[in-house]
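Here the structure is laid out as structure tokens; the discussion comes afterwards.
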Amino acid sequence: MSEYRAIARREGRWWAIEVPGVGWTQARRLDQVEHMACDLVASMNDVDPSTVSVTVEAHVSDELDELRERAASLGREAEEATARAQSEKRRLVHELQAANLPARDIGQLAGISHQRVSQLTKPDRASGPTEVVTYR
């Protein structure tokens with residue numbers, strides 16, 4: 001499979017698409033860019049479009065591209081922080097359980113329902129009882 005890069009830039013109501021070394025085409029909507037670029041490569045190189053793979057770089061304007069990248073970066077950071085928070089919450093629940101607190105108290109202290117406490121502390125039937133790990 002032949003791999004190509006398509007650079008799509010917004011120009012008025014159209015996306016102007018450049019496939020370096022191949023040529024130019026256009027599309028009305030961003031979701032059409034990859035298809036149009038594949039068709040361009042296939043027709044210019046006289047190959048089957050199914051043998052062409054295109055990676056699309058979309059650019060609207062410098063300001064909006066920068067804003068989009070910042071939003072994506074913050075989204076990735078938020079996902080990582082959420083994963084860390086969930087891990088720490090699980091650890092807290094297990095520590096509180098090891099301290100012999102009832103599920104309702106653990107839930108209140110951890111900011112989750114007592115049902116969720118039970119889910120987090122229930123042994124996995126496939127792998128046997130859950131081992132409580134103490135962190136110091």
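Name the residues in the stretch 40-69 that are surrounded by fewer than 10 Cβ atoms within 10 Å (Cβ to Cβ) and either in contact (Cβ under 8 Å) with a residue 60 or more places away in the chain or part of a helix (DSSP H, G or I) (or both), would you? Quick ask: steps written out before the conclusion?
Looking only at the stretch 40-69, we keep the residues that are surrounded by fewer than 10 Cβ atoms within 10 Å (Cβ to Cβ), and these are 46, 48, 50, 62-63.
The answer is 50, 62, 63.
Look at residue 18 and say whether it is more than 30 Å from residue 107 (Cα to Cα), over 25 Å from the mean Cα position of the chain (by Cα) and not hydroxyl-bearing (Ser, Thr, Tyr). Here the answer is yes, as residue 18 does meet what is asked.
Counting only residues that are part of a loop (DSSP other than H, G, I, E, B) and more than 21 Å from residue 65 (Cα to Cα), the stretch 1-39 holds 3 of them. Selection of the stretch 15-62 for residues being touching a Lys or Arg at 6+ places or on another chain (Cβ under 8 Å), farther than 16 Å from residue 5 by Cβ and not aliphatic (A, V, I, L, M) yields 28, 61.
The rows are residues; the columns are (1) surrounded by fewer than 10 Cβ atoms within 10 Å (Cβ to Cβ); (2) part of a helix (DSSP H, G or I); (3) modelled with pLDDT under 95; (4) under 31 Å from the mean Cα position of the chain (by Cα).
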residue	(1), (2), (3), (4)
92	no, yes, no, yes
96	no, yes, no, no
108	no, yes, no, no
116	no, yes, yes, yes
119	no, yes, yes, yes
130	no, no, yes, yes
133	yes, no, yes, yes
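Taken together, the residues in the stretch 22-39 that are surrounded by 14 or more Cβ atoms within 10 Å (Cβ to Cβ) and more than 29 Å from the chain's Cα centre (by Cα) amount to 2.
Listed by first and then second residue, the pairs with beta-carbon distance under 7 Å, at least 6 apart or on different chains, first residue in the stretch 4-23 and free of Cβ contacts under 8 Å to residues at least 60 places away in the same chain, second part of a loop (DSSP other than H, G, I, E, B) and of a type in the set (D, E, K, R), are 14/28. Can you find a residue in the stretch 76-90 that is under 14 Å from the mean Cα position of the chain (by Cα), of a type in the set (Lys, Arg) and surrounded by fewer than 14 Cβ atoms within 10 Å (Cβ to Cβ)? Within the stretch 76-90, one or more residues are under 14 Å from the mean Cα position of the chain (by Cα), of a type in the set (Lys, Arg) and surrounded by fewer than 14 Cβ atoms within 10 Å (Cβ to Cβ).
The values are calculated or read from the model by the stated rules, or taken from the named source; none is laboratory data. Since this is a predicted model, take the numbers as computed values, not measurements. For neighbour counting, all protein chains shown are included, and Cβ atoms are generated from backbone atoms with ideal geometry for every residue, glycine included.
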